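This report refers to the structure that appears directly beneath it.
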Amino acid sequence: MCGIAGIVSREPIEPQSLSAMSSAIAHRGPDGSGVWMNPQRHVGLAHRRLAIIDVSESGAQPIANESGDVWISFNGEIYNFIALRARLQSLGHRFRSQTDTEVIVHAFEEWGAACVEKLDGMFAFAVWDQRKQELLIARDRLGIKPLYYYWDGHTLAFASELKAILALPSLHREVDHSAIWDYLTYWYLPTPKTGFKFIKKLEPATTLTFKAGALQTRRYWDVDLQSGRDLSQQAAVTALRSQLESSVAAALVSDVPVGTFLSGGVDSGTVTMLMRRLQGKAAHIESFSVDCKDAAFSELEYARLLARAASTRHSETLLDVEAAGSIAARIVDLYDEPFADSSAIPTLAVSRLASARVKVVMSGDGGDELFGGYSWYRRFLSGRSANGRMRTSCLRALGGLSRVVPPSAIAMRLDRLARLHSSDEMAAYATARELFDPGEKRRILGDDIASQFRGYDNHWYFRQYWRSDVDLATRLQYLDLKTYLQDDILTKVDRASMAAGLEVRPPMLDHKLVELAFRIDPATRYDETSPKRVLRESVKDLLPAAILDRPKKGFSIPLSEWMKKTVWQAPGSAAAEGTGSYATRVVEGEYRWPDRRWALLILDQWRAQHDGAWSEPSVERDVA
C-alpha cells in the first residue's frame, strides 16, 4: 500500500513538481519515497512507500525491468504475485526483488495492457514504456484503490489523491458545479467526477492508455448478471464457505503482521474467525474497535465477544465529542472534495489506533452489497408491495399538516411522494436515496448555479447502472456495488486509513467472491426475512450465536447530539461566520436533519478552501 503520482508533459518537467506531488501524499507512504524521470524529462513518476511485501531496499519504487525501459509506480497488493512470478520466470523473465510490484512490470512486458486481467488483488498503478512512448494507468476491478488524473490537452498528471495533483502550480482549478449539484443528490461526488472540471477519477476495472497526446480507456471486467445464476442454497453455502476461506487466505500474504477491524457484526466477524482458523491457534492476531459514549451506537459488547472467540489481542479507542470534532475539522483536508459520510470520523479514529501496532488490517467491507445487508433494500422492496396504502396514508398526513405547514412545503412533499411511489422503479429508488431533491438544491445553491441544471437528469449516475434485465433485489445490489461502494465506502476507508499510514484489505471484495455471490439464486442471495442468510449459514460453525442472531447495526456516531456542540463549527468556515453558509440556509429553514446539515457544513468548508475557483470562468480548450 502506497501513494503514486506522475506527470507526462510536452514541456520538460521540473523536479520540484514531482517532489511537491510526493510530499502532498507523504502520509500514504511513511517508509520511503522515490522519483524517476526519463532522460528527456517529459515523463516523471513519484512514489511514497508503505513497506509490506519485500521490505528491503530492493522493494523501493519507482522500479524498472532489467533493461530500464519500462518503469512503474504502484499502489496496492497483488495477492497472486507468487504464482504469476513463477509463470513469468518460466517464460524467461528475470527478477531482482521479491516484490509484487516487479511482477506487474514483467506482466506488462509479456501481456501489455491485458496484464490487469491476470492480477488478483487491489491496485492502482502507472507504467511508462519508454520504447513505445506510452503510459498505462489502471485501477482494480472494484475500485478499492483510488486513482485521479488531470488532462488539459497539454499535460497529463495522475495521483492516488487529489491533493497531489492540486500541488502542481500551473493547472486549471475551475470548479465543476455539476459535481457539486450531484453531491447534494448522492452524498458523494459520483465517478468519474471530482470537484474540478479538468480532474477525473479513473473508473474501477478500467485502464487508460496515453500516447501521442491521445487518451484511450478500456473496461476490462464486470459482474456477469445473466449466466450461471443457478446455485441453490446448499450448493451456495458450500461454495461460499470455500471461496471465503480462499479469499481471506489470499489477503493474508504479507511480510509484516496483519491485524483486523472488529465492528461486532457478521462481516468483520467472519473475516476475523477465518483468519484465526487459517493461521492456527498459535498465531498472534491484533484486533481493533472504536466506540463512542452512547449506548445506542455501541457495539463493543459484540466486538469483545468476537475477540474472545478468535483469541485476538484486542484494542479499543473511545471517541468522544471533542476528539470527533477535531477529526471533523480535517475531513475536507483528508478527502479533498465534499464527502458527507460522517462515519469517516470513527474510521479515522480506529485507523489511528491500529496503525500504532500494525501496518495492515483486514475489514469486512463488501458483505452488505454482496448479500443484501442494507436496511434500505427491505424498506424499498416492502414499500413497492404496499404503494397504494402508503401513498394514501401519507396524503392524509400531509393534509392534516396543511394548517401549519406552508403550501410550498406541502407541494414539495407531494412531489417527493409522487416520485417515491412512481411506477418507474429506478426513479423511486433514487428518490428514496437522495440527500436533497432538485427544488431543495436550487434553494441551497442559488439561482445562478441552479439555472445551469434546468432539465438536468439528477439520477444519471444510478440510471447508468440500473439493470432492468434482472430481478429487483439484484438490481439494487448491483447498483450499490457500482456506486455507493466505490464512491462512499471504499473512498471513506482508503483516505481515513492511509491518513494514518495503514493498509486495509477487504477480502470480501475479492472479485472471485463477488462473481460467486451474483451466481447464487437471487431468492437465496437476498432473503428479506433473514438478511445475509446464505452468508450466516456458511459460517455458522465459526461465529457465536449472539453474533449470528443479532440484527445489523450501521457504523455510525450520535451525529445529531454532537452537532449541537460548537466544536463542530469548523473555525474559518462559512458555517462559523453565520448567514452566508449553505448550512445556515437549511438550519434556519425547515430542513434540520443532521445528515443534511453535516453535508452542508462539509460543502461550506470545501468552498472556503476553493472560493477563488468557485466562479472561475470556463477554459475553452480541446481536451479530447
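Mind listing whichever residues of the stretch 215-233 are part of a loop (DSSP other than H, G, I, E, B) and modelled with pLDDT under 95?
224, 225, 226, 227, 228, 229, 230, 232
Just to be sure, is residue 272 among the polar types (S, T, N, Q) and touching a Lys or Arg at 6+ places or on another chain (Cβ under 8 Å)?
Considered against the rule, which asks whether it is among the polar types (S, T, N, Q) and touching a Lys or Arg at 6+ places or on another chain (Cβ under 8 Å), residue 272 comes out as no.
Do we have residue 179 as over 29 Å from residue 435 (Cα atoms), in contact (Cβ under 8 Å) with a residue 12 or more places away in the chain, outside any loop (DSSP other than H, G, I, E, B) and among the small types (Gly, Ala, Ser) here?
Working: over 29 Å from residue 435 (Cα atoms): no; in contact (Cβ under 8 Å) with a residue 12 or more places away in the chain: yes; outside any loop (DSSP other than H, G, I, E, B): yes; among the small types (Gly, Ala, Ser): yes.
It is false that residue 179 is over 29 Å from residue 435 (Cα atoms), in contact (Cβ under 8 Å) with a residue 12 or more places away in the chain, outside any loop (DSSP other than H, G, I, E, B) and among the small types (Gly, Ala, Ser).
Looking only at the stretch 118-160, which residues are touching a Pro at 6+ places or on another chain (Cβ under 7 Å) and in a loop (DSSP other than H, G, I, E, B)?
140, 141, 142, 143, 144, 160
Under the condition of being hydrophobic (A, V, I, L, M, F, W, C) and crowded, with 19+ Cβ neighbours inside 10 Å, which residue from the stretch 232-249 is farthest from residue 353 (Cα to Cα)?
Checking each candidate, the answer is 236.
Given the criterion farther than 19 Å from residue 253 by Cα, assigned by TED's automatic domain parsing to the domain that holds residue 14 and surrounded by fewer than 23 Cβ atoms within 10 Å (Cβ to Cβ), identify the matching residue among 61, 89.
On inspection, the qualifying residue turns out to be 89.
Looking at (1) touching a residue at least 40 places away in the same chain (Cβ under 8 Å); (2) farther than 26 Å from residue 479 by Cβ, find the lone condition where residue 171 falls short.
Going through the list (1) touching a residue at least 40 places away in the same chain (Cβ under 8 Å); (2) farther than 26 Å from residue 479 by Cβ, residue 171 breaks only (1).
Taking the residues in the stretch 233-270 that are touching a Ser or Thr at 6+ places or on another chain (Cβ under 7 Å) and β-branched (Val, Ile, Thr) as candidates, determine which candidate is farthest from residue 364 (Cα to Cα).
Checking each candidate, the answer is 237.
Being of a type in the set (Val, Ile, Thr) and part of a helix (DSSP H, G or I) is the filter; apply it to the stretch 265-302 and report the residue that is surrounded by the fewest Cβ atoms within 10 Å (Cβ to Cβ).
266
Would the stretch 1-24 turn up any residue that is among the hydrophobic types (A, V, I, L, M, F, W, C), more than 23 Å from residue 148 (Cα to Cα) and surrounded by fewer than 18 Cβ atoms within 10 Å (Cβ to Cβ)? Talk me through it step by step, then tell me what you get.
Within the stretch 1-24, the first condition is being among the hydrophobic types (A, V, I, L, M, F, W, C), and the residues that meet it are 1-2, 4-5, 7-8, 13, 18, 20-21, 24.
Subset that is more than 23 Å from residue 148 (Cα to Cα): none.
No, the stretch 1-24 contains no residue that is among the hydrophobic types (A, V, I, L, M, F, W, C), more than 23 Å from residue 148 (Cα to Cα) and surrounded by fewer than 18 Cβ atoms within 10 Å (Cβ to Cβ).
With free of Cβ contacts under 8 Å to residues at least 40 places away in the same chain and part of a strand (DSSP E or B) as the only criterion, which of 6, 44, 92 stands out?
Every option except 44 fails the conditions.
Hey, among the residues in the stretch 522-552 that are of a type in the set (D, E, K, R) and surrounded by 15 or more Cβ atoms within 10 Å (Cβ to Cβ), which one's farthest from residue 227 (Cα to Cα)?
Within the stretch 522-552, the first condition is being of a type in the set (D, E, K, R), and the residues that meet it are 525, 527-528, 532-533, 536-537, 540-541, 549-550, 552.
Those left that are additionally surrounded by 15 or more Cβ atoms within 10 Å (Cβ to Cβ): 525, 527, 532-533, 536-537, 550.
Numbers: 525: 15, 527: 21, 532: 22, 533: 23, 536: 25, 537: 24, 550: 34 Å.
For the stretch 522-552, the residue satisfying everything is 550.
Please enumerate the residues belonging to the stretch 243-264 that are part of a loop (DSSP other than H, G, I, E, B), farther than 30 Å from residue 297 by Cβ and of a type in the set (Ser, Thr, Tyr).
Residue satisfying the conditions is 254 alone.
With the condition kept exactly as written, say whether any residue in the stretch 344-359 is surrounded by fewer than 18 Cβ atoms within 10 Å (Cβ to Cβ), modelled with pLDDT under 85 and not aliphatic (A, V, I, L, M).
The answer is no, given that none of the residues of the stretch 344-359 is surrounded by fewer than 18 Cβ atoms within 10 Å (Cβ to Cβ), modelled with pLDDT under 85 and not aliphatic (A, V, I, L, M).
The values are calculated or read from the model by the stated rules, or taken from the named source; none is laboratory data. All values derive from a computational prediction rather than experimental measurement. Heads up, the Cβs are rebuilt from the backbone with ideal geometry, glycines too, and the neighbour counts pull from every protein chain shown.
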